[in-house]
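One structure is given below, encoded as structure tokens.
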């Protein structure tokens, strides 16, 4: 079974029918009403869609892609103000519609994108029966332009602090809870003081029970408030974790390839640094930080009991803070060194695991082992110094706390002798000193966590500062469908970190529906040309145009929706064969997947396997051969059925029989597509009607296939100068 040749429009229509997404289509219609250019791909690209569909939870993020604000609100249909229209009404059965207005009779003007019939009028009762009670209000975001005077610098909310500040109401409640908890903490010392000073000398049992019941109520309230505070902090931390994790991953996936990290393992280690930041804003750390200022409350109560008793606590508290301040700089240096060494160790691990076969076949185990042990030894030394500093500071703090307790007792005895203090007050002061110095004792541990979090945050800031393919505020041109015309105008390009040029003044034009093969020696720049067509890199100079539009002006999501691509090295992901063929198209139906697999030469292989399309492929497709991985990559490109097909050595690892099958099938389905083929195999050249010869990053010949083949055979085509 083969995919029948069909027009791009017909293909897209079929795709929309098998992949209904009412909410996304409604959001797209609202954008059009407001005059905002957008497309399905531009609104949904990179979002964690559920079953390939936009959900209400993702609506705000999708709207933000088009510089729109979205707000969900549960309300009755009659309560909707027509001034807020157009708005999206969420219906039952996972449907939605756009409310455009209401006439004098109460009927609604409604737009249902799936019908394609434009606006229709629905009776209020009819709409109310289908209405779920949820409205999605969408409006364009207000932005200052260059004419507005800059009163103060404005910037978008910080990716980390913005997420933290979004939970400020929760943290406000945490502060109130902390205030009550620390006020409750005064109750037990005062209870002890009154028992020893008033109850015991006078045998006042009624007073004892009254005080005991009162303090029991207080400590019960304290238990409740502590539980509530922990819940609030954990809830805020969880929300921050989810939001920032999503932001980081979105930034990583949207990063320009020209700024991608050189070492994947080191980059992954930097990303995992968020775990340290997350731990720092977790319950125990936040609680300790909040309790720190309340030490002044306990010191104030001690001053009320006796200034002489408060003095040693103040001195100890100041000493602990000074020691922490002195240690901070050294801890920061050690934390940075630990971070760098840890990233290097992780890079070695990832690289060796990825290329474990090469390591073994080349007998390079000793080389990798030496790198690992050297890094690990350095890291162990740094960690030992950090632990040494930390343990010394903690021991000194504990010694200081004990010294304060002894000092209080000695001073208290003299004050009692002078009748300036009671026994109960001394006991209460001793208890309060412990509460006052408890947060101070955690300063060193907090500093250690703080420095680790700061170092991690600095590395994450570098990641978030990298340029992305779709920067906020960039108004792209949206083209849902491309004809397939490609043009290079004097394109120059050099890969990041390289001084030599990969492309040097490349110019050519490919008409829509034309089939062209790029040929040349290894490293001549053929694959680079295709990567620039995909928009993975931007030219250093010159321009790449699709349908006469500079590629940099087109939304990357729209561009890649219209291009099917098979790379030299096809990468598969953990899962089964079906998931990998439909990678990026989770809503593809089984018929289309089977047809794409047949074109790519997978049918025989699939039919032999007992699990068929459910067969596991392993990480990076290691369960499959190189030729089978290429077939999967080809099936992906065929399944997209895009108007432009880019093939980079699509059959280099295939046997002759599979290659012949693939070549014949590709020729039939590519009859109405623009095809750009990179190959060293002459068996694939009959697919092309035109050949472009590339050498040292330059076009040295361009013409009909037969003419170029004859010129090459006769040696009339010379190398680039």
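Report whether or not residue 528 is surrounded by fewer than 16 Cβ atoms within 10 Å (Cβ to Cβ) and either closer than 20 Å to residue 684 by Cα or in contact with a strand residue (DSSP E or B) (Cβ under 9 Å, 6 or more places away or on another chain) (or both). If you could, list the steps in order and put the result at the bottom.
On the way: surrounded by fewer than 16 Cβ atoms within 10 Å (Cβ to Cβ): no; either closer than 20 Å to residue 684 by Cα or in contact with a strand residue (DSSP E or B) (Cβ under 9 Å, 6 or more places away or on another chain) (or both): yes.
Against the criterion (surrounded by fewer than 16 Cβ atoms within 10 Å (Cβ to Cβ) and either closer than 20 Å to residue 684 by Cα or in contact with a strand residue (DSSP E or B) (Cβ under 9 Å, 6 or more places away or on another chain) (or both)), residue 528 does not qualify.
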So, restricting to helices (runs of 4 or more DSSP H) that lie completely within the range 600-696, which ones have at least 2 residues that are more than 36 Å from the chain's Cα centre (by Cα)? 603-608, 656-669
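Answer yes or no as to whether residue 419 is outside any helix (DSSP H, G or I), assigned by TED's automatic domain parsing to the domain that holds residue 341, closer than 30 Å to residue 190 by Cβ and out of contact with any strand residue (DSSP E or B) (no Cβ under 9 Å at 6 or more places or on another chain). Give the steps one after another, and end with the answer.
Details: outside any helix (DSSP H, G or I): yes; assigned by TED's automatic domain parsing to the domain that holds residue 341: yes; closer than 30 Å to residue 190 by Cβ: yes; out of contact with any strand residue (DSSP E or B) (no Cβ under 9 Å at 6 or more places or on another chain): yes.
Here the answer is yes, as residue 419 does meet what is asked.
Only one residue in 136, 179 is surrounded by 13 or more Cβ atoms within 10 Å (Cβ to Cβ), in the same structural domain as residue 62 (by TED's automatic domain parsing) and modelled with pLDDT of 85 or more, so which one is that?
Working: 179 fails: in the same structural domain as residue 62 (by TED's automatic domain parsing).
Of the residues listed, the single one that is surrounded by 13 or more Cβ atoms within 10 Å (Cβ to Cβ), in the same structural domain as residue 62 (by TED's automatic domain parsing) and modelled with pLDDT of 85 or more is 136.
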Count, please, the residues in the range 295-322 that happen to be in contact with a helix residue (DSSP H, G or I) (Cβ under 8 Å, 6 or more places away or on another chain), surrounded by fewer than 19 Cβ atoms within 10 Å (Cβ to Cβ) and under 22 Å from residue 388 (Cα atoms). 2
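Conditions (1) surrounded by fewer than 20 Cβ atoms within 10 Å (Cβ to Cβ); (2) more than 39 Å from the chain's Cα centre (by Cα), marked per residue:
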| site | (1), (2) |
| --- | --- |
| 358 | yes, no |
| 363 | yes, no |
| 366 | yes, no |
| 373 | yes, no |
| 410 | yes, yes |
| 414 | yes, yes |
| 421 | no, yes |
| 434 | yes, yes |
| 444 | no, no |
Tally the residues that are assigned to a loop (DSSP other than H, G, I, E, B) and at pLDDT below 90, restricting the search to the range 697-715. 1
Within the range 686-707, track down each residue that is closer than 22 Å to residue 671 by Cβ and surrounded by 16 or more Cβ atoms within 10 Å (Cβ to Cβ). 687, 688, 690, 691, 692, 705
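What number of residues within the range 481-500 are farther than 17 Å from residue 529 by Cβ and either free of Cβ contacts under 8 Å to residues at least 12 places away in the same chain or exposed (fewer than 15 other Cβ atoms within 10 Å of the Cβ) (or both)? Please lay out each step first, then the result.
Our first condition is that a residue be farther than 17 Å from residue 529 by Cβ; within the range 481-500, this holds for 481-483, 496-497, 499.
Next, only the ones that are either free of Cβ contacts under 8 Å to residues at least 12 places away in the same chain or exposed (fewer than 15 other Cβ atoms within 10 Å of the Cβ) (or both) stay: 496-497, 499.
Within the range 481-500, residues that are farther than 17 Å from residue 529 by Cβ and either free of Cβ contacts under 8 Å to residues at least 12 places away in the same chain or exposed (fewer than 15 other Cβ atoms within 10 Å of the Cβ) (or both) number 3.
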Unmet criterion (only one of (1) modelled with pLDDT of 85 or more; (2) farther than 30 Å from residue 253 by Cα) for residue 461: (2)
Just name the residue that is surrounded by the fewest Cβ atoms within 10 Å (Cβ to Cβ) out of those in the range 238-284 that are modelled with pLDDT under 75 and under 26 Å from residue 170 (Cα atoms). 284
Are any of the residues in the range 330-347 modelled with pLDDT under 85 and over 31 Å from the mean Cα position of the chain (by Cα)? yes
Residue in the range 497-516 that is assigned by TED's automatic domain parsing to the domain that holds residue 705, modelled with pLDDT under 85, at positive phi and not in a strand (DSSP E or B) present: yes
Restricting attention to the range 47-61, report how many residues are in contact with a helix residue (DSSP H, G or I) (Cβ under 6 Å, 6 or more places away or on another chain) and touching a residue at least 24 places away in the same chain (Cβ under 8 Å). 1
Scanning the range 269-294 residue by residue, the ones that are under 24 Å from residue 183 (Cβ atoms) and assigned to a helix (DSSP H, G or I) total 9
Quick one: how many residues across the range 617-652 are at pLDDT 90 or above and surrounded by fewer than 14 Cβ atoms within 10 Å (Cβ to Cβ)? 0
Residue 224 is checked against (1) at pLDDT below 90; (2) farther than 25 Å from residue 303 by Cβ and fails just one. What number does that condition carry? (1)
Residue that is surrounded by the most Cβ atoms within 10 Å (Cβ to Cβ), among those in the range 77-100 that are under 30 Å from the mean Cα position of the chain (by Cα) and in contact (Cβ under 8 Å) with a residue 60 or more places away in the chain: 88
Among the residues of the range 576-588, how many are assigned to a loop (DSSP other than H, G, I, E, B) and surrounded by 14 or more Cβ atoms within 10 Å (Cβ to Cβ)? 5
Touching a residue at least 24 places away in the same chain (Cβ under 8 Å) and surrounded by fewer than 16 Cβ atoms within 10 Å (Cβ to Cβ), is that true of residue 425? no
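The values are calculated or read from the model by the stated rules, or taken from the named source; none is laboratory data. Given the structure is predicted, the values throughout are model-derived calculations rather than measurements. All Cβ positions, glycine included, derive from the backbone under ideal geometry; neighbour counts span all protein chains shown.
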